[in-house]
Amino acid sequence: MFDETIARRVRPLAEAFRDAALVRLTVHEDDFELEFRRAASPVAAAPAPDVAAEPAAAPSSAPEVLTSDVVGVVRFMRPPAVEGQRLEGDRDLAFVETLGIRNPVRSHGSGTLAAVFVTDGQPVEYGQPLFAIER
Amino acid sequence: MFKKVLIANRGEIALRINRAAHELGVQTVAIFSEADRQSQHVRFADEAYCVGPGPVVRSYLNIPNIISAALISGADAIHPGYGFLAENARFAEIARDHGLVFIGPTPSVISSMGDKATARRLMAEAGVPTTPGSDIVASVDDARAVIEKIGYPVLLKATAGGGGKGMRAVYEAGELETAFATAQAEAEASFKDGRMYVEKLIIEPRHIEVQVLGDEHGNIVHLGERDCSIQKPSHQKLIEEAPAPALPDGVRASLHATAIAACRAVNYTNAGTLEFLVSGEQVYFMEMNTRIQVEHPVTEMVYGVDLVKEQIRIAAGEPLTVTQAELHPNGHAIEVRVNAEDPEQNFAPAAGTLGRVEFPGGPGVRVDTHVYGGATIPPYYDSMIAKIIAHGATREAAIARMERALSETRIEGVKTTIDFCRDVLRDPAFRAAGVGVEWLKTDFMPGHHALSA
């Protein structure tokens with residue numbers, strides 16, 4: 001249901017998305033889901049205001065976001081995968097180092113690397129988005 | 001002094017530690033589960049790391065993620081609060097091995113005193129009277145063999161237990177099997193440690209505990225006692241007070257002396273509490289909590305000492321700021337635990353979103369809480385949402401002040417223990433002082449149910 005209430009919730013989000021230099025913003029709630037994507041990102045998307053007008057219509061193939069299972073420091077594999085790169089099979093993209101243990105971050109299948117949310121050597125928390133893969 | 005302390009806890013105690021650290025000029029790092037993202041303990045910390053999803057085993061008990069958060073944030077110490085990993089010697093050891101100071105006793109003291117069966121043996125050796133009971137019982141059959149010697153009723157207790165979790169009173173043989181299984185399962189779920197022991201249940205005892213502080217320079221002091229006899233049927237404390245009322249001076253002095261002797265016997269450092277059952281003139285050592293306790297504010301109000309700051313200073317190698325000669329109780333303090341529970345449904349916990357929230361103020365009233373209007377109470381954690389503490393020149397004045405404070409308190413959206421506790425405060429037996437740990441269940445609640453029905 002796209003009613004007045006939702007419109008009131010969407011507008012500030014759309015403005016925040018436009019003003020901050022965000023590439024992608026996803027909001028999940030019980031009864032609705034909303035995603036903004038910057039047209040300039042590797043994933044072609046409609047401009048933010050248009051997306052804002054259609055909160056329920058999530059793209060049919062939303063990229064899968066890989067998040068960190070642990071708290072630690074992310075280290076990219078060499079050579080590091082870059083945005084827009086085609087990934088074949090189940091590939092190691094990085095590992096998150098926790099107390100000397102390397103926790104691999106795998107692509108879990110083929111796809112295109114749509115976004116890299118972190119930099120090499122960055123501390124990450126549980127649930128932090130690391131990569132997005134377009135299947 | 002430390003530059004930065006990681007607080008490995010949530011809720012009001014995380015906020016309490018955050019306040020103490022900030023007042024000492026120490027930066028803070030919060031950890032939180034996905035269910036606590038909006039919590040005040042996250043908001044007031046200088047930085048914060050999500051360490052896992054809602055269930056405690058994957059977040060607040062997730063040792064690798066917590067230690068990792070301490071390391072990547074550059075913290076030099078970890079304060080464990082109470083519950084969760086506060087009495088986990090392995091956690092203290094892992095922290096130390098990674099160059100972090102654990103704000104608590106040494107790992108070896110935690111494992112000997114925090115492990116309740118070992119503590120009882122050590123205390124018995126040091127001449128401290130203990131209740132008849134067992135070492136660790138591996139199975140329900142072992143428990144049965146012990147009970148044949150000491151007789152019913154008994155308490156089954158988890159060696160890692162606390163807050164009434166992993167504990168069951170058993171009055172006859174037919175109840176044993178179920179009670180053992182449920183207590184052990186609860187201990188496994190809450191502490192990742194299902195080891196159990198058996199203790200003789202002393203009839204109508206009072207729960208009286210002594211607060212101690214020890215530094216790394218050999219100074220040990222006690223800060224008097226607390227009476228925590230007002231307990232729910234699950235043995236979780238509901239109302240605590242300091243000093244213990246209607247206690248013969250000889251018993252009081254003996255409790256204090258015993259606590260100091262016990263600490264000296266193990267070279268105890270940091271804050272700790274020795275819990276005793278007191279029945280007439282008889283005193284039995286029950287267990288030692290090697291951590292700060294929920295009810296520490298009543299002691300703080302009466303002695304004017306900030307126990308959490310002392311903990312941090314002690315861990316940083318500083319001497320105690322007070323000597324025994326300087327410690328004198330002033331007046332009386334009472335704490336009421338405000339739990340999101342329904343007292344009419346055997347204190348069934350309630351989760352949900354709070355509506356309007358108003359806490360009391362005014363002279364002699366302290367509120368330790370992490371909730372606010374509109375806050376969510378996640379289903380994963382302890383149901384305590386606030387502690388209200390009232391101080392007065394006498395016990396009567398403290399009770400009157402607490403009644404006034406509770407009358408100002410409004411919490412909408414969930415059932416709470418506020419009205420129930422007000423009724424307890426008005427009860428003539430409570431006013432007369434000195435009731436035992438079973439009083440609430442066996443004397444107060446039946447009449448209370450009849451009245452409110």
Only residues that are surrounded by 15 or more Cβ atoms within 10 Å (Cβ to Cβ), basic (Lys, Arg) and free of Cβ contacts under 8 Å to residues at least 24 places away in the same chain: list them for the stretch B:399-453, please.
B:ARG422
Working only within the stretch B:353-384, note down all residues that are over 17 Å from B:LEU15 (Cβ atoms), touching a Pro at 6+ places or on another chain (Cβ under 9 Å) and of a type outside the set (Ser, Thr, Tyr).
B:PRO379
Of (1) within 14 Å of another protein chain (Cβ to nearest Cβ); (2) surrounded by 16 or more Cβ atoms within 10 Å (Cβ to Cβ), B:GLN27 fails just (1)
Which residues, counting only those in the stretch A:96-112, are assigned to a loop (DSSP other than H, G, I, E, B) and at positive phi?
A:LEU99, A:GLY100, A:HIS108, A:GLY109
Need a quick list: strands (runs of 3 or more DSSP E) entirely within the stretch B:177-276 having at least 1 residues that are assigned by TED's automatic domain parsing to the domain that holds B:ALA348, small (Gly, Ala, Ser) and more than 28 Å from B:ILE78 (Cα to Cα).
B:220-231, B:237-242
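For the stretch A:55-77, which residues satisfy the criterion of being assigned to a loop (DSSP other than H, G, I, E, B) and at pLDDT 95 or above?
Of all residues in the stretch A:55-77, those assigned to a loop (DSSP other than H, G, I, E, B) come to A:55-63, A:68-71, A:77.
Answer for the stretch A:55-77, where residues must be assigned to a loop (DSSP other than H, G, I, E, B) and at pLDDT 95 or above: A:SER68, A:ASP69, A:VAL70, A:VAL71, A:MET77.
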Search the stretch B:256-272 for residues being buried (at least 23 other Cβ atoms within 10 Å of the Cβ) and within 20 Å of B:PRO205 (Cβ to Cβ), and hand back the single one that is modelled with the lowest pLDDT.
B:ALA262
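Counting only residues that are exposed (fewer than 15 other Cβ atoms within 10 Å of the Cβ), give me the strands (runs of 3 or more DSSP E) lying completely in the stretch B:114-176 with at least 1 of them.
Working: elements: B:133-137, B:154-162, B:165-170.
Correct list: B:133-137.
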Any chance you could count how many residues in the stretch A:115-129 are within 10 Å of A:VAL96 (Cα to Cα) and touching a Ser or Thr at 6+ places or on another chain (Cβ under 6 Å)?
1
Take the conditions within 24 Å of the chain's Cα centre (by Cα) and either over 21 Å from B:VAL56 (Cβ atoms) or without any contact (Cβ under 8 Å) to a residue 12 or more places away in the chain (or both) and apply them to B:ASP142. Does it pass?
no
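Of all residues being part of a strand (DSSP E or B) and within 14 Å of another protein chain (Cβ to nearest Cβ) in the stretch A:113-127, which is surrounded by the fewest Cβ atoms within 10 Å (Cβ to Cβ)? Just the residue, please.
Filtering the stretch A:113-127 down to residues part of a strand (DSSP E or B) leaves A:113-116, A:123-124.
Filter again for within 14 Å of another protein chain (Cβ to nearest Cβ), leaving A:123-124.
Details: A:PRO123: 18, A:VAL124: 25.
For the stretch A:113-127, the residue satisfying everything is A:PRO123.
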Among the residues of the stretch A:96-110, what is the count of those that are buried (at least 19 other Cβ atoms within 10 Å of the Cβ) and either more than 13 Å from chain B (Cβ to nearest Cβ) or in contact (Cβ under 8 Å) with a residue 60 or more places away in the chain (or both)?
2
Output for the stretch A:67-83, where each listed residue is crowded, with 19+ Cβ neighbours inside 10 Å and among the aliphatic types (A, V, I, L, M):
A:VAL70, A:VAL71, A:VAL74, A:ALA81
Which of the residues spanning the stretch B:160-217 are without any contact (Cβ under 8 Å) to a residue 12 or more places away in the chain and charged (D, E, K, R)?
B:GLU175, B:GLU188
Take the residues in the stretch B:33-53 that are in a loop (DSSP other than H, G, I, E, B) and more than 22 Å from the chain's Cα centre (by Cα); name whichever of them is nearest to the other protein chains (Cβ to nearest Cβ).
B:PRO53
Would you mind telling me which numbered condition in (1) surrounded by fewer than 20 Cβ atoms within 10 Å (Cβ to Cβ); (2) more than 14 Å from chain A (Cβ to nearest Cβ) B:GLY74 fails?
(2)
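Residue-by-condition table, conditions (1) among the β-branched types (Val, Ile, Thr); (2) in contact with an Asp or Glu (Cβ under 9 Å, 6 or more places away or on another chain); (3) within 25 Å of B:THR258 (Cα to Cα):
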| residue | (1), (2), (3) |
| --- | --- |
| B:GLY133 | no, yes, yes |
| B:ALA143 | no, no, no |
| B:GLU148 | no, no, no |
| B:TYR152 | no, yes, no |
| B:GLY161 | no, yes, yes |
| B:GLY194 | no, yes, no |
| B:GLU204 | no, yes, yes |
| B:GLU209 | no, yes, yes |
| B:ASN219 | no, no, yes |
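The values are calculated or read from the model by the stated rules, or taken from the named source; none is laboratory data. This structure is a prediction, so every number in the text was calculated from the model and none was measured. Virtual Cβ from ideal backbone geometry, glycine too; neighbours counted across all protein chains shown.
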